[in-house]
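Notes to accompany the following structure.
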């Protein structure tokens, strides 16, 4: 092998007039031969948050409360995870204490906010944990974070929001609701000539400057409440400026496609196959380092229909013995089957240093709703090696109302993000590492 040619090829990949291109972790560039000329960098850490609405089937999803530690038995609803049992952690007694709307499975799931925190307002939210992570982990990637979702999310028990993500002002962040939209966002190059894209970006900046000038001219004649609102508005504008700056940085950098290519999705894909394809896209996006933080607000209504159910997700959630219970249990089993599939893919995706993508990701899976609209004991599974969690266990928190945000804070800290609190957190969950 000609080491000098390999080095030059790598430098050609990295060269850009305006940005440092993040490469996918290629085996040939991380081989022992290449080690003679360069040291393989440690793979970056990533975070992935998966959420679904309408909860789970309580009687067959949760392990026995009296069997904790590593000797627990996976219940019927989680049996598909048997091959990954030593690599997952199931946690019980985590709750969002302020949750009061039983149809909102993800609105406050990642924030832990109090809907009525602002006097006189009927809705308030705060920043979601993924966006806190993205402020650190998303600095070097084309996309600071990626939000995936589904069409008609309210039918799947999710509640208000455009995705599971909320910015620092508690405003919703838009998501990509189909595999087609996600595929093109992540992997399709814009064929518009560079000069035209630069001109379009310049026009966006010009419009933004005009809006800012007009807003500032009003600032001297406003009440305190209006001044506070305007400050919040300015902060939103600053976020847009940041996004425009990043867009400009990556304007002339081609998108990278995964080594194991994904074919462009064709036609409408719904339900089971939709979730499976979204998982493929998520793994591919992290493989090429397009982003290091992702959320996915998953479908339930179309999911159960794709399995042959003839009832809605909402009707299923009010299960009693009979067909509704059967559909609910089938939903759990098939969702778990896909989660096991995703973990398979993460374990099978190798990094340059010989580790796997699984070793370098922190993944959570669950809902703000327990079962039949009960807002307690949020169903929670975590996996992956990025946060240093000692997996293979069933943990039951001693306090039945332990804040779910204690978990989010723990995963942030475990992944190396210096957050001191999140939402209504009261501290980290030390049991995760002991």
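The values are calculated or read from the model by the stated rules, or taken from the named source; none is laboratory data. Keep in mind that what you see is a predicted model, and the values were worked out from it rather than measured. When we count neighbours, we look across all protein chains shown, and the Cβ atoms used for this are built from the backbone with ideal geometry, even at glycine.
A few points about this structure:
- For region 64-78, the set of residues classified as buried (at least 17 other Cβ atoms within 10 Å of the Cβ) and either in contact with a strand residue (DSSP E or B) (Cβ under 8 Å, 6 or more places away or on another chain) or closer than 20 Å to residue 434 by Cα (or both) consists of 72, 78, listed by residue number.
- Test: residue 60 is touching a helix residue (DSSP H, G or I) at 6+ places or on another chain (Cβ under 6 Å) and under 24 Å from residue 312 (Cβ atoms): yes
- Single match in 74, 81 (criterion: at pLDDT 95 or above, assigned by TED's automatic domain parsing to the domain that holds residue 331, within 28 Å of residue 431 (Cα to Cα) and over 24 Å from the mean Cα position of the chain (by Cα)): 74
Listed here are the residues, each with its yes/no results for (1) surrounded by fewer than 23 Cβ atoms within 10 Å (Cβ to Cβ); (2) touching a strand residue (DSSP E or B) at 6+ places or on another chain (Cβ under 8 Å).
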site	(1), (2)
392	yes, yes
397	yes, yes
403	no, yes
413	yes, no
416	yes, no
420	yes, no
425	yes, yes
434	yes, no
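- Among the residues of region 402-434, those identified as within 21 Å of residue 292 (Cα to Cα) and in a helix (DSSP H, G or I) are 405, 407, 408, 409, 410, 411, 412, 413, 414.
- Among residues of region 109-162, those that are in a loop (DSSP other than H, G, I, E, B), touching a residue at least 24 places away in the same chain (Cβ under 8 Å) and under 14 Å from the mean Cα position of the chain (by Cα), counted: 11
- Helices (runs of 4 or more DSSP H) completely within region 282-374 that count 1 or more residues being under 21 Å from the mean Cα position of the chain (by Cα), surrounded by fewer than 23 Cβ atoms within 10 Å (Cβ to Cβ) and in the same structural domain as residue 48 (by TED's automatic domain parsing): 301-306, 323-348
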